[in-house]
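First comes the structure, then the notes that go with it.
Computed from the coordinates by the stated procedures, all read-outs in this text should not be read as laboratory data. The structure displayed is predicted, hence computed values, not measured ones. So basically every Cβ, Gly included, is an ideal-geometry build from the backbone, and we count neighbours across all protein chains shown.
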């Protein structure tokens, strides 16, 4: 069990009572308010603070462990500009209430969602039970029109046999990444955050080891201000803790669910999604191999976010990798099922881990590598198919060797096993998505790849159904249906034909309208 101790209110500190407004509709503005009287204090038993992206950039999810149960899991948020020295601006803070449930090993899991965040704004927050509070922490939002995120493969704290050593490697990676990329909007961790005590022979101590691994996972100081988007890896199924440590947005209780072997939480959760700027992130629990379930979930999420320019899937199990797992029976099954779904849905990029070895594929469609066209800067322009990225360990806790002889050279563009932790940066604009990977010993770049969606399609004269493709006008036979600008904007010119992505029912019901377009 974690060694925590509760520090009460110091005798020299006079407890005071304050009244605050519980805002349910956003920061600094609400239509629903509840007045609550609370006493201020300090609680250092608050541990494992995890920020998670909310459903969209205006929201932020919080989770933390506490030593005691409470009926009032609370987060207070204020503008940093309202801080006076180190004093939290209680009178100007907005307060959000959540839930407290049983966590792992006698801890209590607290979850709160805060809303109303604005772009490029500095905030401060503290969390607690209304009587005792954490220290004051910072959180700064970033631009959503063009942004970057960190991507980490399998930290798997504890896999080396030394929880402390793996934690130190993880801290080193996050320190170097945050120094080089201080404006990353969040971290995406592709599963196996912890080893979950899998190699511990004594079953009676497994859960204790499990929580010591989570202690090290949350050891980087960046995590009180940098949100973490997580998915469940196979090691999340070996014990309790995943759901009690993370407050995941839009998580399905129907699709992607997998029961874990633990007895307290008993599940690794289901598929989830969130949006950030022009990107839809589809977070799949690939421990579940249900084709129908994942497909239904992704279709629903895509339908709810029809204007997403980029569709990014993150899942733990790599279907196109270069190391030990590539020939596993369960991976072959996933390779048969998952890419076909991604092809149908027009997924741009798949981010995964599991194989502890770096692999970047060619553009893949129908299980076949696609030919690409690059611009003067080396960006791949309007490619067909999906890019698959498998990331190496971000902590250095475990590496797998590449298969020899090469069994899958038909899809590998780049593969590396450098036996050094790596971290990647994914940068997104309206027309380009770039993924660059760095080795943490020197922070030298080891690979980079850019997809460019060239703005070759414009719409014009909507009244008469004319669309401009480049400089040439083509008529759309839409009968009585008006030309829909968003649908046309999602058309991509390639190889002399018009390929329509994210098409709505208008396109499906009027496919004859494409007859006048060049074939």
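Between residue 296 and residue 327, residue separation times 0.36 nm minus the direct Cα-Cα distance comes to 8.4 nm.
Averaging Cα coordinates gives a centre for the stretch 158-182 and one for the stretch 356-419; these two points are 24 Å apart. Centre-to-centre separation between the Cα atoms of the stretch 67-93 and those of the stretch 121-136: 4 Å.
Looking at the stretch 226-326 alone, DSSP beta bridges between its own residues are antiparallel in about 55 percent of cases.
Once the chain from residue 410 to residue 120 is taken as fully extended at 0.36 nm per residue, the excess over their C-alpha distance is 100.1 nm. When peptides 369-381, 238-250, 209-221, 167-179 are sorted by average Cβ neighbour count within 10 Å, with the highest value leading, the order is 238-250, 209-221, 167-179, 369-381. Bridge orientation summary for the stretch 295-444: considering DSSP beta bridges with both residues in this region, about 70 percent are antiparallel.
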